[in-house]
Amino acid sequence: MAFFVQKFGGTSVGTVERIEAVADRIVASRAAGDDIVVVVSAMSGETNRLIGLAEQIQAQPTPRELDVLVSTGEQVTIALLSMALHKRGCAARSFTGGQVRILTDESHTRARIREIDSERIKGELASGSVVVVAGFQGVDEHGNITTLGRGGSDTSAVALAAALGADECQIYTDVKGVYTTDPRVVEDARLLRSITFEEMLELASLGAKVLQIRSVEFAGKYKVPLRVLSSFEDDPGTLITLEDDKEMEAPIISGIAFTRDEAKVTVTGVPDVPGVAYQVLGPVSDAGIEVDVIVQNVAADGSTDITFTVKRQDSEKTRALVAGIAERIGAKDVSFDKKIAKVSLVGVGMRSHAGIASKMFKTLADESINIQIITTSEIKISVVIEEKYLELAVRSLHAAFGLGGEPGAG
Ligand code: ADP
Ligand code: ASP
Ligand code: MG
């Protein structure tokens, strides 16, 4: 007998029929003697629909009310799934995040989990029930409803698995597992049988939305065995492993992630004196705007240009702020570009292999794709390019690094 936390994402509970299919799957696990805590997302499209309603009333609703609103999506699913389990003669009880006391900080819309009261859930499990918990939501110490950021049900599931000591946290989704890149963009993307936490964290941070970043951080920190698998097919999916567990030599490149979520800001003709990077970027980060890639370069006339990227949703706020800064420091011009995309190669094997960057640049050059910015770390190389070339870039890099083919380890 094993103890699993099983999370079902939006598409997997997108219709009543699919909720019934999830119930069948859970009943089968119970029949095998396993204890199950289920975490569910809102039915697919529901969170967006709720945000849309709010925006019809107010462009920027207060985060507290937004959380009260969007958390309702998951509440619908826990009730429906519990009913589907009852119909099958399976004891089940649904709980909101607040009821099982998933205690978070007070940062509405992007709260962090602080503590979970595992006793309540353990009691329910001991009485023989399947425990069905609403993902994505928690409660702060004053009893206000909070949410964990988009895709946050993954993090609810991993946090519950850590708090309850589950044997495995299983993330059921609409693809068979973690692939070398988004299988919706590259047809011959290869299913990975295993991937290290470190690589998964990079892929998630660089845009692969199959797992929320925080869920991977959490799983790594608390050593929760984590698996991504399909709710529609029977397949063991992908196991996220600790690096030491790897028997085989790490592949040089494990995957390609990409994002269309960023916008590029360039401040040109900045007088080149000590402290300019701070003068430009300090106020941006003080305003709570997350800056991703940064480059600074000295022009022939001795002035300097600073280019950086921010989340596309922050571009208007950044535009207003940077216009003021540019004027204050005597910069010549500020330009914005929302039509950019970032493509990243990820792999722990890069540490011990030279020449990956040049192969990446040559592949893009052969397709006449201009690179605007390059950044690297030990296990990744990212380039910013024009958005219209994104799919071409991902496909050609996937082919150039030989990532396609049949499922295999790592
Ligand atoms: P859920 O609703 O189950 O949480 P998500 O839409 O959040 O599902 O995440 C699953 C999606 O992630 C897939 O449908 C796929 O398009 C996308 N994805 C992006 N990169 C990858 C990748 N490397 N491997 C698998 N899926 C990926
Ligand atoms: N329903 C939330 C969202 O759409 C949380 C989740 O699905 O994980 O972001
Ligand atoms: Mg998701």
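Under 5 Å from the amide H of R114 lie the amide H atoms of L103, T104, D105, each residue being 5 or more positions distant or on a separate chain, with H modelled from the backbone and absent for Pro and chain starts. For the chain, the dipole from Cβ point charges (+1 on Lys and Arg, -1 on Asp and Glu) about the Cα centre works out to 420 debye, to the nearest 20.
For the chain, a Kirkwood radius taken over Cα pairs fed into Stokes-Einstein (37 °C, viscosity 0.692 mPa s) yields D = 143 µm²/s. Of all DSSP-defined beta bridges confined to the chain, some 60% are antiparallel rather than parallel.
P(r) tail, region 180-226: Cα-Cα pairs separated by more than 18 Å, 29% of all pairs. Comparing Q99, V76, V13 along the charge dipole axis of the chain, the residue lying farthest to the positive side is V76, per the Cβ-charge model.
What the phi angles of region 308-320 give under the Karplus curve with 6.51, -1.76 and 1.60, with θ = phi - 60°, is a coupling list of 8, 10, 10, 4, 4, 5, 9, 5, 5, 4, 5, 4, 5 Hz, glycine and proline written as x. Accessible surface calculations at 1.4 Å, restricted to protein heavy atoms, place region 100-210 at 37 Å² per residue. Per residue, the solvent-accessible area of region 256-296 (1.4 Å probe, heavy atoms of protein chains only, all protein chains present) comes to 46 Å². Are there any GluC sites (Glu not before Pro) in region 146-208 that are in a DSSP loop and have at most 13 other Cβ atoms within 10 Å? List them by number. Those that pass, being in a loop and sparsely packed, are E187. Per residue, region 359-406 exposes 49 Å² of solvent-accessible protein surface, assessed with a 1.4 angstrom probe and all protein chains in place.
Restricting region 215-289 to GluC sites (Glu not before Pro) that sit in a DSSP loop and have at most 10 other Cβ atoms within 10 Å of their own Cβ leaves E233, E247, E249. For the set Y278, Y172, Y179, the ranking by accessible area, highest first and with no ligand, DNA or RNA atoms included, is Y278, Y179, Y172 under a 1.4 Å probe. Here region 61-90 is scanned for amide nitrogen atoms under 13 Å from the site 7 Å beyond the Cα of I51 along Cα-to-Cβ, giving 61, 66-67, 70-71.
Think of each Lys and Arg Cβ as +1 and each Asp and Glu Cβ as -1; about the Cα centre, that makes the dipole of region 163-213 roughly 120 debye. Ordering T155, V394, V343 by Cα displacement along the dipole of the chain toward the positive end leaves T155 in first place; charges were set at the Cβ atoms of Lys, Arg (+1) and Asp, Glu (-1). Peptides 251-259, 396-404, 317-325 ranked from most to least packed, by the mean per-residue count of other Cβ atoms within 10 Å: 251-259, 396-404, 317-325.
Label separation (A354 vs E378): 2.0 nm, computed from points 7 Å beyond Cα along the C-beta direction.
Calculated mean residue ellipticity, 222 nm, the chain: -10500 deg cm²/dmol, from DSSP H runs (n ≥ 4) at -39500 (n - 2.57) each, averaged per residue and rounded to 500.
Highest mean packing comes first when the peptides 40-52, 289-301, 330-342, 1-13 are listed by Cβ atoms within 10 Å, giving 1-13, 40-52, 330-342, 289-301. Return the carbon/sulfur percentage of the accessible area of the chain, one whole number, probe 1.4 Å, all protein chains in place. After summing per-atom areas, the C and S share lands at 49 percent. The 3J(HN,Hα) values that the Karplus relation (6.51, -1.76, 1.60; θ = phi - 60°) gives for region 116-121 are, in residue order, 10, 7, 6, 4, 4, 5 Hz. Gly and Pro appear as x.
The values are calculated or read from the model by the stated rules, or taken from the named source; none is laboratory data. None of the values given here were measured: they were computed from a predicted structure. Counting neighbours? That spans all protein chains shown, and the Cβs are built from the backbone with ideal geometry, glycine included. Only protein heavy atoms, including side chains, enter the accessible area calculation; ligands, DNA and RNA are left aside. Shrake-Rupley method; radii C 1.70, N 1.55, O 1.52, S 1.80 Å.
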